[in-house]
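Encoded as structure tokens, the structure appears first; notes follow it.
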There are 2 protein chains.
Amino acid sequence: MKIGFIGLGIMGRPMALHLAKAGHALFVPERGSLDDEMRQTATVLPDPAAVAAAAEIIILMVPDTPDVEAVLFGPKGVAEGIGPGKLVIDMSSISPTATKTFAEKINGLGGDYLDAPVSGGEVGAQQAALTIMVGGPQAAFDRAKPLFEAMGKNITLVGENNGAGQTCKVANQIIVALTIEAVGEALVFASKAGADPAKVRQALMGGLATSRILELHGDRMIKRTFNPGFRIALHQKDLNLALQSAKELGVALPNTAATQQLFSACVAAGGGGWDHSGMVRALETLAAHKVAQD
Amino acid sequence: MKIGFIGLGIMGRPMALHLAKAGHALFVPERGSLDDEMRQTATVLPDPAAVAAAAEIIILMVPDTPDVEAVLFGPKGVAEGIGPGKLVIDMSSISPTATKTFAEKINGLGGDYLDAPVSGGEVGAQQAALTIMVGGPQAAFDRAKPLFEAMGKNITLVGENNGAGQTCKVANQIIVALTIEAVGEALVFASKAGADPAKVRQALMGGLATSRILELHGDRMIKRTFNPGFRIALHQKDLNLALQSAKELGVALPNTAATQQLFSACVAAGGGGWDHSGMVRALETLAAHKVAQD
């Protein structure tokens, strides 16, 4: 298939290359930052409008809601090249409510729309092992499925309404942040009570407290390896999205709100670039006690 | 070995029977509630003091800190039968700080002491698959290890100081409660945003949000199966223990405190007997929206 790909950062670049490797023709907009491998692999066109005109399916992988809006509806944006038969897939992590508006506008031009945010990070993107959470019509999902399978592993159509994929991603980020916070409280408590946090973590693995977070992030807290990973500033953005959406929906998320405050405390201490497991440092400040020495 | 076992409830009874099956001689104090199988399996003695006098190792499995204190130091209590060479193992889930005091008093009588609380619930006790978290001297742990192996699977000496096992259990209960709360917030949010919570849970399994809680308790929230399992009233007791110990230690546990309030809201609504996954009902009340129909 002819695939347009817009947003070739640390996530988008390996994803696009997986699609090319699977035999698809790749179209990308001109950027000074395009490297030789990408220029040899893809057809470079002047702007997103030209990419959308040339491709059947246009994939976006950009940082935030305003970036998606600019790429789609700004000057020389994707919308200028959209018509019947075209499919836009937004794989960025953005607002579920804004997603509904964007989808309606693309539908109004005759195009189909899927929101398909991912989790799994840079490693998942490189290894084509991303979790992909999709919202949109079944037919569009079926059409895009071979592309998703070239980039990810656990692929779910969460709902046939646009925004369902973004809603699922928000739910993911809530659980991940709050589980990191839970492991942090438990390890700070145990450490201050005189127990060895490494032994506590080991004793809890395999029981009801087991999680991927206890395994990975618990280990990072004990070993003080706070290089990202996933940066606190990005997770803070995701919880802002959760709290903003919750406000619009009329849902109370008490521990998400409290946990966002701990992320804010880390950012205030200059820790926006720490891995999100570094949230434990805010809890350590509250306890005047560290899980382990930096 | 000659094993005294005090506290033959839904946890203690199967644990004691596993020890008898492994070839140990069992001594239990007289209770009207002893059934025929227990009377045929164990030697029944009049009180805890007589049990402690007859046995080498005395195991306790009772509900709460005051129960342990009464069994150990009340009239005709275990302390009256303790001397050099005796080992007391408290497998109840109680206060880490009170545990230190109890251990010192038993040590003062010449006896050894281990705190060895468990997780895994009734099913874990029946299947001899409990997680056992132990605090106390290495030599006492080595002596008790064959007994632990007859009752459990994941057995860890968390620390050589008494109370380390109880501290680990408190850490376990913090993580379990806060992860249930995290899954609850995520599913209420997703459901109110119009996504199918069952599909959201499925999409998140296998990713970074994966946990035993998302698997088991997430499923209970969606299927509305709130029969225990583990009762909210018991988990509320455990978080009280966490918050009381944290106060003594000078540790702030913000999300544990907030989550305890949600348990309190459930108890106020008559839900002390619900499974702890029923905490989602408190979150649903805050959102005026349910994950699924009861």
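Taken together, the values in this text are just the output of simple stated rules run on the coordinates, not laboratory data. This is a predicted model, so every value here is computed, not measured. Every residue, glycine as well, gets a Cβ built from its backbone with ideal geometry; the counts of neighbours run over all protein chains shown.
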### Rg/Rh ratio calculated on Cα atoms of the range A:59-159 (Kirkwood radius)
0.95
### Task
Report the label-to-label distance for residue B:56 and residue A:138 in nanometres (one decimal), using points 7 Å from each Cα along the Cα→Cβ vector.
6.7 nm
### Message
Can you find, among A:182, A:200, A:155, the residue sitting farthest towards the positive end of the charge dipole of the range A:151-245, where Lys and Arg contribute +1 and Asp and Glu -1 at Cβ?
### Response
A:200
### Query
Gaussian network model of chain A, Cα springs within a sub-10 Å range: biggest mean-square fluctuation belongs to which of A:219, A:35, A:64?
A:35
### Query
Which whole-number percentage describes the relative contact order of the range B:11-53, with Cα contacts under 8 Å and a sequence gap of 6 or more?
39 percent
### Task
Determine Rg/Rh for the range B:190-294; Rg is computed over alpha-carbon atoms and Rh is the Kirkwood hydrodynamic estimate from the same atoms.
1.00
## Note on the structure
Taking the label point 7 Å from Cα along the Cα-Cβ vector, the copy-to-copy distances for residue B:264, listed from shortest in nm with one decimal, are 2.4
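Over chain B, what relative contact order in percent results from Cα pairs under 8 Å that are six or more residues apart?
13 percent
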### Per-q log10 I(q)/I(0), the range A:231-284, q = 0.13 Å⁻¹ (Debye; single scatterer per alpha-carbon; no solvent)
-0.30
### Under 15 Å from the Cα of residue A:21 - aspartates and glutamates, other chains or at least 8 residues apart
A:37, A:149
## Note on the structure
On each of the three principal axes the extent of the alpha-carbon atoms of the protein assembly as shown, given in whole Å and largest first, is 89, 49, 39
### Bins of 5 Å from zero: percent of alpha-carbon pairs in the range B:107-165
5, 21, 28, 22, 14, 7, 2, 0
### Task
May I ask for the distance between the Cα centers of the range A:64-141 and the range A:236-293, given as a whole number of Å?
28 Å
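Using R₀ = 56 Å, calculate the FRET efficiency as 1/(1 + (r/R₀)^6) where r is the Cβ-Cβ separation of residue B:2 and residue B:294; round to 0.05. Could you put the intermediate results ahead of the total?
Working: r = 51 Å, r/R0 = 0.90.
After rounding, the FRET efficiency stands at 0.65.
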### Task
For chain A, just run the numbers: alpha carbon Rg, then divide by 2.2 N^0.38 Å, N being how many residues it has.
1.08
### Å³ per residue enclosed by the Cα convex hull of the range B:81-223
124 Å³
### Query
Angle, helix B:232-249 long axis vs. longest principal axis of chain B, Cα atoms, 0 to 90°, nearest 10?
80 degrees
### Query
To the nearest 500 deg cm²/dmol, what mean residue ellipticity at 222 nm is calculated for the protein assembly as shown from DSSP H runs of n ≥ 4 alone, each contributing -39,500 (n - 2.57), summed and divided by the residues?
-16500 deg cm²/dmol
### Summary
Given 20 °C, 1.002 mPa s and a Kirkwood radius over Cα pairs, the Stokes-Einstein diffusion coefficient of the range A:26-101 in µm²/s is 166 µm²/s
#### Entry: Label-reachable residues, the range B:97-130, where backbone N falls under 20 Å from a point 7 Å from residue B:22's Cα toward its Cβ
B:112-130
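Run the numbers for residue B:225 and residue B:261: contour at 0.36 nm per residue of separation, minus the present Cα-Cα distance, in nm.
Details: separation 36, 0.36 × 36 = 12.96 nm, distance 2.19 nm.
Gain on extension, residue B:225 to residue B:261, equals 10.8 nm.
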## Note on the structure
Scattering profile of the range B:1-131 from the Debye formula, Cα beads only, expressed as log10 I(q)/I(0) at q = 0.11, 0.21 Å⁻¹, is -0.33, -1.29
#### Entry: Nearest-ten-degree value, helix A:138-151 long axis tilted from longest Cα axis of chain A
60 degrees
### Query
If you place +1 on the Cβ of every Lys and Arg, -1 on the Cβ of every Asp and Glu, and leave all else neutral, what size is the dipole of the range B:1-148 about its Cα centre, to the nearest 20 Debye?
300 debye
### Task
Could you work out the relative contact order of the range B:98-247, using alpha carbon pairs under 8 angstrom and six or more residues apart, expressed as a whole percent?
19 percent
### Task
May I have the extent of the alpha carbons of the range A:11-55 along their three principal axes, as whole Å values ordered from largest to smallest?
24, 21, 19
## Note on the structure
Rounded to 0.05, the calculated FRET efficiency for the beta carbons of residue A:123 and residue A:145 at R₀ = 30 Å is 0.85
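Return the subset of A:199/B:223; A:169/B:290; B:86/B:247; B:153/B:199; A:145/A:247; A:105/A:247 for which the Cα-Cα distance in this structure is over 29 Å, preserving the input order. List each step's numbers first, then the result.
Details: A:199/B:223 35 Å; A:169/B:290 20 Å; B:86/B:247 34 Å; B:153/B:199 33 Å; A:145/A:247 33 Å; A:105/A:247 24 Å.
Pairs exceeding 29 Å: A:199/B:223; B:86/B:247; B:153/B:199; A:145/A:247.
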### Query
Got a sec? Which residues in the range B:97-131 would a label at residue B:35 touch, if it sits 7 Å along Cα→Cβ and we count backbone N under 18 Å?
B:122-128
### Query
Say we join alpha carbon atoms closer than 10 Å with springs in a Gaussian network model of chain B; which of B:223, B:199, B:21 then has the biggest fluctuation?
B:199
## Note on the structure
A correct Stokes-Einstein calculation for the range A:152-243, using the alpha-carbon Kirkwood radius, 20 °C and 1.002 mPa s, returns a whole-number D in µm² s⁻¹ of 143 µm²/s
